[in-house]
Amino acid sequence: MVGTDIIEVARIENLIKEKGDKFLNKIYTQKEIDYCESKGPNKYQHYAGRFAAKEAITKAIGNQPPSLKNIQITNDDNGAPIVDIIPDPVFLGPSLYISISHVKKYAVAFAYIEPLVHN
């Protein structure tokens, strides 16, 4: 199963500036907020990238995906994104792969979930 999403960075920036913590706390975990805020003037690109990733994941999951707040995107020691589904981090386990890219105006994400193999 696959999912992809692209979003304008300015759209997320405007939502954060207009709605503030109400928007942030509805979509992002505290770990994600801390990470994005640590990026200084580029923080909106990182917020947008995580938003696109969450949307891509919900598209890949399909029927009854978790809420965006229950999808947490962090990074491993090499900077690669890692996905946890909260409160059940083993929901998809190691079979979920995500890629996030962003530039000044756009953020894009791609999610791939390996199908379960039945013997």
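Read-outs: derived from the displayed coordinates by stated rules, not from any lab. These numbers were taken from a predicted model, which means no experiment stands behind them. Every residue, glycine as well, gets a Cβ built from its backbone with ideal geometry; the counts of neighbours run over all protein chains shown.
General remarks:
- A single member of V108, V103 is in contact (Cβ under 8 Å) with a residue 24 or more places away in the chain, in contact with a strand residue (DSSP E or B) (Cβ under 8 Å, 6 or more places away or on another chain) and among the β-branched types (V, I, T), and it is V108.
- Condition check for I33: under 9 Å from the mean Cα position of the chain (by Cα), of a type in the set (V, I, T) and within 22 Å of K105 (Cα to Cα): no
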